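Written below as C-alpha cells is the structure these notes are about.
The values are calculated or read from the model by the stated rules, or taken from the named source; none is laboratory data. Treat the numbers as computed from the prediction; the structure is a model and nothing was measured. Every residue, glycine among them, receives a Cβ derived from its backbone with ideal geometry; neighbour counts consider all protein chains shown. Keep in mind that these areas ignore ligands, DNA and RNA; they rest on the heavy atoms of the full protein, side chains included. Shrake-Rupley method; radii C 1.70, N 1.55, O 1.52, S 1.80 Å.
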Amino acid sequence: MSSSGQRQGETTMRHNSTRLGRANLDRLPPAIRRPAYDRSRVTPGIVHLGLGAFHRAHQAVVIDDCLATGSASWGIVGASLRSPDTRDALAPQDHLYTVAVRATEGTEHRVIGALLDSVVARENPVRLIERMADPAIRIVSLTVTEKGYCHTPQTGDLDERHPDVVHDLNNFDAPRSAPGFIVAALARRRAQGLAPFTVLCCDNLAANGHTVQRIVTQFAALRSKDLGKWIADTAAFPSTMVDRIVPETTDADRDAVSSALGFRDAWPVMTEPFTQWVVEDRFAAGRPDLAAAGVELVTDVKPFELMKLRLLNASHSALAYLGYLAGYETIADTMQDPHFARLAAQVMEEAAVTLKMPASTDLAAYRASLLKRFANPALHHRTWQIAMDGSQKLPQRLLGAMRDRLAKNLPIATHALAVAGWMRYVTARDEHGRAIDVRDPLAGEFAGLAREAGPVAERLAPALLGVGQVFGPLGAEPRLREAVIAALGRLYTDGARRAVETHVSA
Ligand code: CS2
C-alpha cells in the first residue's frame, strides 16, 4: 500500500468500519444495486478456478443476472489456486462484493451475490477436488491467465516439462495447476459413476475451449489412456470470447467504493460499462439461462475470439509496451497522445483484413468502440499490468495476424513495431536506464538474452526471435526478422514516442 493510500484508507476506515455483508444489504443507499433474488435459496452449480477481479466483474455478474431470472441452482464456488488474499477479503463479508462501473459521466455500484463460497487450493487441494466432484457442480469455469494452462503458447500443447505438471503427475490427488485439478476431479467423477462437468475456459487463448480440451486430455492420458479417452469422449469444452476491461483494484478504489456504500468492502472490482460474452452452446450437463442474461450463444466462437484477440488485445499490448516505454502510466494516458491513438487504430485496421467475420459483424463500428473504451479516463488501467506475461500473449495477439498478412504479401511494419516494443520492454531497462519490473514466466531467459546481445537491434531481435516457445518457425521468417530488427533499431535510436510518431505519420 502506498503511504498516501494508507493514510486515505485509515481515514475512510473510521467512517466505514462496518463490513459489507448479508446483514446490512438492506441498509445500503438506494442507488446501490443489490442481488434481486433470495440468496439463501441459491445452491452451487459452478466451481470457478481463478477468483480474480476479471471473473468477479464479468462471469459472476452474468450469473448474478441468471440467478435473478430464476436459475437458483447455479451459484458459484470460487477457488484461488495460490493466494488466500481474495478469500481473506471476501469471507468476512459473506462473499458479497461490489462491482464499480466507471464511465466518464460517473460510477455505478452493484453488489453481487453470485459467489457463495471460496476455497484456496494451495491450502486444501483435496477439498477443492471434492467440490469439483460434487454431482451438483455441472460447470467448472476458469480464468487462470494464459500461463495457468501450463502449455506452450506457440503450439497449444501441454508442456510436459512444466514444473507444475511434473508435480501434479506425481501428486495426483494434491495438484497445484488448473489442468491438474480438472483431471483429478474428472477422474474422481468417473470412478464414482458421475457424468463429467463442462469445462468453460474464459481466458484469452486462441480457440480457448479446443486448446484446453487438448491440454486436459493430454494431461489425463499421461495418467491413464482410458481416462484420457473418457474425458475426450464425454466432457464438453465450449470455446468462449470474454470481454470487459478490468484494471487492478487500488486502495483509493477500495476507499471510494466503501464511501459510496457506507460499508467497508475489502475488495471491490473496478470496470467499464461494456461487457460481452460469446459462448459455444455445447454443455455436458446443462447450463443456466445465459441468453436471458445477455450472453450470445453461438455454434462457433472462433471468428469472435480472433476478432477480439487481434483487434482489442493486440492493440492493447501494442499500447502497453510502447506506451510504458514512452512514460505513460495508463492506457487512457497513452490514448491521449494522438500518435499512439493512431497506432492502436492502425494495429486494428491491419489485423482486420486477416479476419473472416459473419456478414452481420460491423468491424468498423467495433474498432471505433474499442478506441473509445481505451480512452475512458475513468479507468486507470496501467500499461504495466497489460505488459505482463507477453510470452504467453504475443502469439495469439500479434504473431497470428503477422503470419496471415505475410501470406497475403501485406506489410507488417505496424505489428513489428509492437513486437519490437515488447523486445525493448523485456530487456528490463527503460529508456532512462531505470529497471522495469518484468513479470513473465520467461523473464529470466529474456533478461539473459538481452544481457548477451546488448542494446543492439541486430543482435537482440534475432536472439529473442529464436525463443521457439514464443515465435516457433515464424521467428526464422526473413521478412519478419527484417521488419522487427528495423523497428527495434528505431526504438533504440529515437525512443518509443518518436518512433511511434514517425511510424504513424509515414
Ligand atoms: C488485457 C486484457 O491485461 C491484458 O492483457 O489486454 O486483460 C483485456 O483488458 C481484456 O481481455 C478485455 O476484455
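Residue check: Arg244 meets all listed conditions (1) more than 16 Å from the ligand (Cβ to nearest atom); (2) in the same structural domain as Ser177 (by TED's automatic domain parsing) but one, namely (1). The condition (being assigned by TED's automatic domain parsing to the domain that holds Ala344 and open to solvent by less than 10 Å² (accessible area, probe 1.4 Å)) is satisfied by just one residue among Val426, Val438: Val426. Scanning the range 335-368 for residues that are in contact with a Phe, Trp or Tyr (Cβ under 7 Å, 6 or more places away or on another chain) and within 13 Å of the ligand (Cβ to nearest atom) yields one hit, Ala344. Does Arg287 satisfy the criteria of being open to solvent by 10 Å² or more (accessible area, probe 1.4 Å), in a loop (DSSP other than H, G, I, E, B) and either in contact with a Lys or Arg (Cβ under 7 Å, 6 or more places away or on another chain) or at pLDDT 95 or above (or both)? Against the criterion (open to solvent by 10 Å² or more (accessible area, probe 1.4 Å), in a loop (DSSP other than H, G, I, E, B) and either in contact with a Lys or Arg (Cβ under 7 Å, 6 or more places away or on another chain) or at pLDDT 95 or above (or both)), Arg287 qualifies. Of the residues that make up the range 54-76, is at least one within 20 Å of Arg19 (Cβ to Cβ), touching a Ser or Thr at 6+ places or on another chain (Cβ under 7 Å) and more than 16 Å from the ligand (Cβ to nearest atom)? No, there is no match, as no residue in the range 54-76 is within 20 Å of Arg19 (Cβ to Cβ), touching a Ser or Thr at 6+ places or on another chain (Cβ under 7 Å) and more than 16 Å from the ligand (Cβ to nearest atom). Of everything listed in (1) among the charged types (D, E, K, R); (2) within 16 Å of the ligand (Cβ to nearest atom); (3) open to solvent by 20 Å² or more (accessible area, probe 1.4 Å), the single unmet condition for Glu445 is (2). Considered as a group, the residues in the range 189-230 that are within 22 Å of Asn313 (Cβ to Cβ) and of a type in the set (D, E, K, R) include one that is farthest from the chain's Cα centre (by Cα), and that residue is Arg214. Screening Tyr97 on (1) surrounded by fewer than 23 Cβ atoms within 10 Å (Cβ to Cβ); (2) under 25 Å from Ile386 (Cβ atoms) shows it passes everything except condition (1). Looking at the range 300-318 only, could you name the residues that are more than 9 Å from the ligand (Cβ to nearest atom) and among the basic types (Lys, Arg)? Those that are more than 9 Å from the ligand (Cβ to nearest atom) and among the basic types (Lys, Arg): Lys302, Arg310.
Residues checked against (1) over 23 Å from Gly433 (Cα atoms); (2) away from the ligand (no atom under 16 Å from the Cβ); (3) among the acidic types (Asp, Glu); (4) modelled with pLDDT of 95 or more:
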{"site": "Tyr321", "(1), (2), (3), (4)": "no, no, no, yes"}
{"site": "Gly327", "(1), (2), (3), (4)": "no, yes, no, yes"}
{"site": "Leu370", "(1), (2), (3), (4)": "yes, no, no, yes"}
{"site": "Ala378", "(1), (2), (3), (4)": "yes, no, no, yes"}
{"site": "Arg382", "(1), (2), (3), (4)": "no, no, no, yes"}
{"site": "Gln385", "(1), (2), (3), (4)": "no, no, no, yes"}
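The number of residues in the range 332-350 being open to solvent by less than 40 Å² (accessible area, probe 1.4 Å) and without any contact (Cβ under 8 Å) to a residue 60 or more places away in the chain comes to 7. Restricted to the range 260-279, and to residues there that are farther than 30 Å from Thr18 by Cα and in contact with a strand residue (DSSP E or B) (Cβ under 6 Å, 6 or more places away or on another chain), the residue that is surrounded by the fewest Cβ atoms within 10 Å (Cβ to Cβ) is Gln276. Taken together, the criteria place Ser73 among residues that are touching a residue at least 60 places away in the same chain (Cβ under 8 Å), in the same structural domain as Val279 (by TED's automatic domain parsing) and assigned to a loop (DSSP other than H, G, I, E, B). Taking every residue in the range 282-304 that is free of Cβ contacts under 8 Å to residues at least 24 places away in the same chain and pairing it with any residue that is open to solvent by 30 Å² or more (accessible area, probe 1.4 Å) and of a type in the set (Gly, Ala, Ser), at least 6 positions away or on another chain, the pairs with Cβ-Cβ distances below 9 Å are Leu297/Ala291. With respect to (1) away from the ligand (no atom under 16 Å from the Cβ); (2) in a helix (DSSP H, G or I), the lone exception for Leu297 is condition (2). For the range 247-275, taking the residues that are out of contact with any helix residue (DSSP H, G or I) (no Cβ under 8 Å at 6 or more places or on another chain) and among the small types (Gly, Ala, Ser), the one that is farthest from the ligand (Cβ to nearest atom) is identified as Ala260. Annotation: Asp164 fulfils all but one of (1) in contact (Cβ under 8 Å) with a residue 60 or more places away in the chain; (2) in contact with a Ser or Thr (Cβ under 7 Å, 6 or more places away or on another chain); (3) of a type outside the set (Gly, Ala, Ser); the unmet one is (1).
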